[in-house]
Amino acid sequence: MTDMELMALAHKAREQAYCPYSGFAVGAALLDADGNVWTGCNIENAAYGPTNCAERTAFFKAVSEGVRKFDRIAITGGPADQAPKAGTAPCGVCRQVMAEFCTPDFVVLLADEQGGVKSLTLAELFPFGFGPTSL
Ligand code: THU
């Protein structure tokens, strides 16, 4: 699975976004250590607070099926009626969830301006975080 293939699955997952309140649609594709892909979209709620981000949807689908080892995630987002916006990055809560299940070298792929991907590590996105080893 190439980075571009994983991003294509994130774009596909974005089509399922339920975002009537923000109008901002996000898709994620999470590659686990066995090579399986777990996709997710954001799921909003009239009470706003229960909204779940695309990344956490993907993680929670995987973890709820017994999968806890991950390799990479591709994320894409933007106004629902438009092409994805380059550089849409995971929110702080999603970074915290990544830190629970992933090592600092976990790779986060963002869509770039040229239709490709920008690759970052969890360590770059979430330095000095509080994680399982902090307790
Ligand atoms: N959103 C995500 O799905 N992932 C992120 O990391 C950032 C934000 C969603 C939440 C909400 O439905 C919409 O984008 C606007 O914030």
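Observations, loosely collected:
- Filter result for Cys102 (touching a residue at least 12 places away in the same chain (Cβ under 8 Å) and either closer than 22 Å to Tyr21 by Cα or open to solvent by 50 Å² or more (accessible area, probe 1.4 Å) (or both)): no
- Residue within the stretch 99-118 that is in contact with a Pro (Cβ under 7 Å, 6 or more places away or on another chain) and over 17 Å from Ala10 (Cα atoms) present: yes
- With respect to (1) of a type in the set (A, V, I, L, M, F, W, C); (2) at pLDDT below 95; (3) crowded, with 22+ Cβ neighbours inside 10 Å, the lone exception for Leu109 is condition (2).
- Top-ranked residue in the stretch 46-57 [being open to solvent by 50 Å² or more (accessible area, probe 1.4 Å) and in contact (Cβ under 8 Å) with a residue 24 or more places away in the chain; ranked as farthest from the ligand (Cβ to nearest atom)]: Ala46
- For the stretch 1-45, taking the residues that are in contact with a Cys (Cβ under 9 Å, 6 or more places away or on another chain) and more than 9 Å from the ligand (Cβ to nearest atom), the one that is least open to solvent (accessible area, probe 1.4 Å) is identified as Ala13.
- In the stretch 58-94, the residues that are at pLDDT 95 or above, within 12 Å of the ligand (Cβ to nearest atom) and either open to solvent by 40 Å² or more (accessible area, probe 1.4 Å) or not hydrophobic (A, V, I, L, M, F, W, C) (or both): Thr76, Gly77, Gly78, Pro79, Ala80, Thr88, Ala89, Pro90, Cys91, Gly92, Val93
The values are calculated or read from the model by the stated rules, or taken from the named source; none is laboratory data. Everything quoted here is computed from the prediction, not taken from an experiment. FYI the Cβ positions are ideal-geometry reconstructions off the backbone, even for glycines, and counts take in every protein chain you see. With ligands, DNA and RNA removed, areas are computed over all heavy atoms of the protein, side chains included. Shrake-Rupley method; radii C 1.70, N 1.55, O 1.52, S 1.80 Å.
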